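I have placed the structure first, in the form of structure tokens, so that the comments after it can refer back to it.
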There are 2 protein chains.
Amino acid sequence: MRRARLSGPRAGARRRGFAHERDLALRLFKAGFAVVRAPASGSKASRLAYPDVVAMYRGRVLVFEAKAYSSLRPVYVDARRYRRLVDFAERAGGRAFLAFKLVGTGEWRLVPLQSLERIETGAYRCPVALLEGAERLDDLVRRVKEGGNLYIT
Amino acid sequence: MRRARLSGPRAGARRRGFAHERDLALRLFKAGFAVVRAPASGSKASRLAYPDVVAMYRGRVLVFEAKAYSSLRPVYVDARRYRRLVDFAERAGGRAFLAFKLVGTGEWRLVPLQSLERIETGAYRCPVALLEGAERLDDLVRRVKEGGNLYIT
């Protein structure tokens, strides 16, 4: 199986994307989670097939779609990707989140994927208001480790 | 992040290894599990960091080290790899298995990693007798889906 190299005009953005995913994965690992990241392949198929980050803690499964921007702005997840993430979380018995990193602050904000709005195109949108009120990573980690209900935020 | 290409004398064996892991992952996916495979990178670091296959079903986590051989033979897992797999399974609240594929039969046999014997070098060995008596994939899948105890085999 041959994997695509990271090259071309989008390679810089991809590498930065992976660096942010790595940051999220590392924080969860340090908090005691088992963590898997999606293959860092340029292959679109493999990126679609897996969540960016999956974290497990004593049978509780968190599925993350990671996005990093330098300002709070609406985030979009296309319909196919959204369905795959929700399907993955349902199989695993876990929950899928949009993980938004505000670059510069190092802060991750988590929005349950089910809270996103479906827009006319069929894609899903996370408005800025949801990001503003979103849970922070430390709080989610604490909640999961204390055995709180993943399904109420 | 630049990934190594699959090339050199071991490339053929690696590609076949990935094909077998893919077979295991696909079977678990078809059985209703959420499944993640390790990055198909030539990078030794990334191969070491992740289990070959992780499968989740409603909060139950199975961690697999996959090996494929054309005959029943003892299988060895080095000490570092073994510790990483067990640590991953403990964090996840799941269980780690050696998944042995008898090439040609398409059959997967599962041995809990804890059943392996530690040998003088510090590595762990799965003797042929354990493989002969090992649980088959369909049986493990049925057991997990019926909610049986993962920790008794």
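Peptide A:49-61 is shielded by partner chain Cβ atoms: per residue, an average of 5 of them sit within 10 Å of its Cβ. How high is the relative contact order of the stretch B:11-145? Use alpha-carbon pairs under 8 Å, at least six apart in sequence, and give a whole percent. In percent, rounded to a whole number, it is 20. A simple count of charges around A:TYR57, restricted to other residues whose Cβ falls under 10 Å of its Cβ and scoring Lys, Arg +1 and Asp, Glu -1, yields +4. The simple spin-label model puts a point 7 Å past each Cα toward its Cβ; for A:ASP139 and A:PHE29 those points are separated by 2.7 nm. Ignoring solvent entirely, what values of log10 I(q)/I(0) come out of the Debye formula for the stretch B:11-145 at 0.16 Å⁻¹ when each Cα is a single scatterer? Calculated log10 I(q)/I(0) at the listed q: -0.79. Summing Lys and Arg as +1 and Asp and Glu as -1 over all other residues whose Cβ lies under 15 Å from the Cβ of A:LEU98 gives a net charge of +3. The string of couplings for the stretch A:112-117 from the Karplus curve (6.51, -1.76, 1.60, θ = phi - 60°) is x, 4, 5, 7, 5, 9 Hz, one whole number per residue in order, with x for Gly and Pro. When the square roots of the Cα gyration tensor eigenvalues are ordered a ≥ b ≥ c, the ratio a/c for the stretch B:59-111 is 1.5 or more and a/b does not exceed b/c, which makes its shape oblate.
Here, each number is a calculation from the coordinates, and none is a lab measurement. Treat the numbers as computed from the prediction; the structure is a model and nothing was measured. Cβ coordinates were reconstructed from backbone atoms using ideal geometry, including for glycine residues, and neighbour counts include every protein chain displayed.
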